[in-house]
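So the structure is just underneath, and the comments pick up after that.
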Amino acid sequence: MEVLTHKCPNCGGPLTFNPEDQKFHCDYCLNIYTEAEVSQFEEKQLESQVPNQEAVKEESVAAESSEMQLFNCPSCGAEIVTDATTAATYCYYCHNPVVLSGRLSGEFLPNKVLPFAIEKEEAVEKFLAWTNKKWFVPKAFFNKQQIEKLTGVYFPYWNVEADLTGQMSATGTSIRVWRVGEIEYTETKVFDVERSGRLNFKNLVKNALSKNTPQKMVHMVQPFPLEKAIPFKSQYLAGFQAEKRDIEFQQLEKEVNQDLQKYSQDLLRETVNGYTSLTNVHSNISTTSTEKEYLLLPVWILTYRNKRSSDKFYFYAMNGQTGKISGILPIDYRKLALVSGGIFLAVLILSLIGGYFI
């Protein structure tokens, strides 16, 4: 299948998605298009090339699975998905160059995508503002060459919605103590507590990438405004990178069910108030329906390799929609030693001066 490139309807140049206005920009003729305009143009292009309309539809559906290509980093093994216009790039885990090695199959086509809302210039500003507050960060961590490696990446997740029914029984004890004169009275009441109801959980998000080294960093920038997610269009990947999932939902079902059980029990427990203690708690939770969808979520990510230890990586992540930041910063121990030594020397001098005048 021929690889699809999203081209400018005016000049044929490549289009990239701009998070600021949520439109598609051509850097050659500077024209700007909506997603609907790009899709309409590409549909007309297909119609003019293939007279058989049914064949066009079949090819268009099949093309969706070939619009993305899979890269395997020969250094660290990370899997990266980019738009078809990229023939070679660098791995955002280890910064080594990677070469195209395969294509994604149709089963890996996401249901939805949450487009970037923060463009790179704003992401860089937020990154610098964050690092400038830290005293002992090596300059190499935020020099121009390093900042250029800040990459917008779509990470794969499973999003789960579930309906459940739950019952809970317990023994509630209420104790009241009061005094009359010198006599203290204690009243103890014991109740049978029953709770039941229907529960609905939305936006239970689970990571779908086993090789996601900065998984914790990505997890820490949640939550994402999932209500803004839209049906997947490969156009939104233009100008960004994306990861292909390698964790199927079946592998997560046990974990998902455990989470649903816990959340349901907690919700039922929160409805019980006014008792001094609650004992003999028993609950029965049943899942009546589960719906899942595969979606891509936007994250700006930056990695840094410690020059003194080539195996030591530091990760910075920012939510591509909300701007929430998480990261582990490297420490310049020379700078730390100099500052610590300076403080020690200043304290020593003050102590000597104080001892001299005593």
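Residue by residue through the range 261-306, note down the ones that are among the polar types (S, T, N, Q) and under 30 Å from Ile147 (Cβ atoms). Of everything in the range 261-306, those that are among the polar types (S, T, N, Q) and under 30 Å from Ile147 (Cβ atoms) turn out to be Thr303, Asn306. Under the condition of being assigned to a helix (DSSP H, G or I) and of a type in the set (A, V, I, L, M, F, W, C), the residues counted in the range 232-286 number 7. All told, Glu227 falls short of being more than 26 Å from the chain's Cα centre (by Cα) and without any contact (Cβ under 8 Å) to a residue 12 or more places away in the chain.
Just to verify a result, which residue in the range 14-46, among those that are of a type in the set (Phe, Trp, Tyr) and touching a residue at least 40 places away in the same chain (Cβ under 8 Å), is nearest to Glu119 (Cα to Cα)? Applying the filter and picking the extreme gives Phe17. Being surrounded by 15 or more Cβ atoms within 10 Å (Cβ to Cβ), at pLDDT 90 or above and either touching a Ser or Thr at 6+ places or on another chain (Cβ under 7 Å) or of a type in the set (Lys, Arg) (or both) is the filter here, so list the residues in the range 202-220 that pass it. Answer for the range 202-220, where residues must be surrounded by 15 or more Cβ atoms within 10 Å (Cβ to Cβ), at pLDDT 90 or above and either touching a Ser or Thr at 6+ places or on another chain (Cβ under 7 Å) or of a type in the set (Lys, Arg) (or both): just Lys206.
Rundown of residues vs (1) closer than 29 Å to Trp130 by Cα; (2) modelled with pLDDT under 75; (3) among the polar types (S, T, N, Q), yes/no style:
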{"position": "Asp246", "(1), (2), (3)": "no, no, no"}
{"position": "Val256", "(1), (2), (3)": "no, no, no"}
{"position": "Ser264", "(1), (2), (3)": "no, no, yes"}
{"position": "Leu268", "(1), (2), (3)": "no, no, no"}
{"position": "Ser283", "(1), (2), (3)": "no, no, yes"}
{"position": "Asn319", "(1), (2), (3)": "yes, no, yes"}
{"position": "Gly327", "(1), (2), (3)": "yes, no, no"}
{"position": "Leu338", "(1), (2), (3)": "yes, yes, no"}
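The values are calculated or read from the model by the stated rules, or taken from the named source; none is laboratory data. The structure displayed is predicted, hence computed values, not measured ones. Note that each Cβ is placed from the backbone with ideal geometry, even for glycine, and that neighbours are counted across all protein chains shown.
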